[in-house]
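Data block below; observations after.
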Amino acid sequence: MSNVKLAVVYYSATGTVHGMAKHLARAGEQAGAEVRLRQVAELAPQEAIASNAAWSQHFDRTKDEPNATADDVVWADAVLFGTPTRYGNVASQLKQFLDTLGPQWQQGLLADKVYAGFTATQTDHGGQESTLLALYNTIHHFGGLVVAPGYTDPLKFADGNPYGVSHVTGPNNDAPLTDTEYTALDHMAQRVVRIAGRLKGEG
């Protein structure tokens, strides 16, 4: 799958989705893809960021990392979008990035690619599935191919989310990712790269 191009495009406020994105990028590379890891631009005012220590620290740690552009999505054969949930929906930072892709959508440059998503919440059942389903509404408009993991491997009965990969950070928003999530992320990256390769006639 050496010719498959994978973009991992995400928004992370306090670092959980960032950690998931980095793991997906490594898993994609191990599956043979060429990978771009890109965060979307922060939109929140500085006073909001400063009001939350974890948010402020993560912003400072990642402020020099490359931001996503439309070219990263156009370039890719497969795209993994990551977002924390916001009231059961996509975070405004990622949604704003998606909304800027109108010119590329009008030219058909976002169609016929493989897409899947990942997310995190503080509580069990805190909007993980609805966030991913809301994300996929956009993919349908792109003419993209949603390749959610489903229950295509027994490991999915451990992480329990057929719509993508998700993690519960707990009431203090600090529960670390576990082997369950890492294994599910590996599986999703491998599956997305494999299906994208088949679409390119490589598998």
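The values are calculated or read from the model by the stated rules, or taken from the named source; none is laboratory data. This one's a predicted model, so the numbers in the text were calculated from it and none came from an experiment. Here Cβ is always computed from backbone atoms with ideal geometry, including for glycine, and neighbour counts include all displayed protein chains. The area values use the complete protein model at the heavy-atom level, side chains included, leaving out ligands, DNA and RNA. Shrake-Rupley method; radii C 1.70, N 1.55, O 1.52, S 1.80 Å.
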**Study point:** Tally of residues being under 20 Å from L6 (Cβ atoms), hydrophobic (A, V, I, L, M, F, W, C) and in contact with a strand residue (DSSP E or B) (Cβ under 7 Å, 6 or more places away or on another chain) across the stretch 40-89
**Key:** 9
**Study point:** Qualifying residue in the stretch 31-38 (condition: surrounded by fewer than 15 Cβ atoms within 10 Å (Cβ to Cβ) and either of a type outside the set (A, V, I, L, M) or within 23 Å of T169 (Cβ to Cβ) (or both))
**Key:** no
Check your understanding: Cβ-Cβ below 8 Å, separation at least six or inter-chain, first residue in the stretch 177-202 and without any contact (Cβ under 8 Å) to a residue 60 or more places away in the chain, second part of a helix (DSSP H, G or I) and of a type in the set (G, A, S): which pairs?
Key -> T180/A158; T183/A158; A184/A158
Check your understanding: Scanning for something under 14 Å from A134 (Cα atoms) and either touching a residue at least 60 places away in the same chain (Cβ under 8 Å) or assigned to a strand (DSSP E or B) (or both), does the stretch 56-71 turn up at least one residue?
Key -> no
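Does the stretch 166-175 include one or more residues that are among the hydroxyl-bearing types (S, T, Y), open to solvent by less than 30 Å² (accessible area, probe 1.4 Å), over 18 Å from E29 (Cβ atoms) and in contact (Cβ under 8 Å) with a residue 40 or more places away in the chain?
In the first step, residues of the stretch 166-175 are kept if they are among the hydroxyl-bearing types (S, T, Y); the result is 166, 169.
Within this subset, residues satisfying the condition of being open to solvent by less than 30 Å² (accessible area, probe 1.4 Å) are 166, 169.
Keeping just the survivors that are over 18 Å from E29 (Cβ atoms) gives 166, 169.
Okay, now just the ones that are also in contact (Cβ under 8 Å) with a residue 40 or more places away in the chain, so 166, 169.
Among the residues of the stretch 166-175, at least one is among the hydroxyl-bearing types (S, T, Y), open to solvent by less than 30 Å² (accessible area, probe 1.4 Å), over 18 Å from E29 (Cβ atoms) and in contact (Cβ under 8 Å) with a residue 40 or more places away in the chain, which makes the answer yes.
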Check your understanding: Looking only at the stretch 81-118, which residues are over 19 Å from A148 (Cα atoms) and of a type in the set (D, E, K, R)?
Key -> R86, K95, D99
Review point. Regarding A196, is this residue of a type in the set (G, A, S) and more than 28 Å from A44 (Cα to Cα)?
Key: yes
Check your understanding: What single numbered condition from (1) hydrophobic (A, V, I, L, M, F, W, C); (2) touching a strand residue (DSSP E or B) at 6+ places or on another chain (Cβ under 6 Å); (3) under 24 Å from R26 (Cβ atoms); (4) free of Cβ contacts under 8 Å to residues at least 60 places away in the same chain fails to hold for L155?
Key -> (2)
Review point. Within the stretch 9-29, how many residues are without any contact (Cβ under 8 Å) to a residue 24 or more places away in the chain and over 13 Å from the mean Cα position of the chain (by Cα)?
Key: 2
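Examine the stretch 111-131 for a residue that is touching a His at 6+ places or on another chain (Cβ under 6 Å), buried (at least 17 other Cβ atoms within 10 Å of the Cβ), closer than 22 Å to K22 by Cβ and modelled with pLDDT of 95 or more, and state whether such a residue exists.
So the first thing to find is which residues in the stretch 111-131 are touching a His at 6+ places or on another chain (Cβ under 6 Å), and the list is 120.
Going one step further and asking which of them are buried (at least 17 other Cβ atoms within 10 Å of the Cβ), we end up with 120.
Checking which are closer than 22 Å to K22 by Cβ leaves us with 120.
Among the residues that remain, those that are also modelled with pLDDT of 95 or more are: 120.
So far as the stretch 111-131 goes, yes, one or more of its residues are touching a His at 6+ places or on another chain (Cβ under 6 Å), buried (at least 17 other Cβ atoms within 10 Å of the Cβ), closer than 22 Å to K22 by Cβ and modelled with pLDDT of 95 or more.
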Point to revise | Residue check, M1 modelled with pLDDT of 95 or more and surrounded by 19 or more Cβ atoms within 10 Å (Cβ to Cβ) | key: no
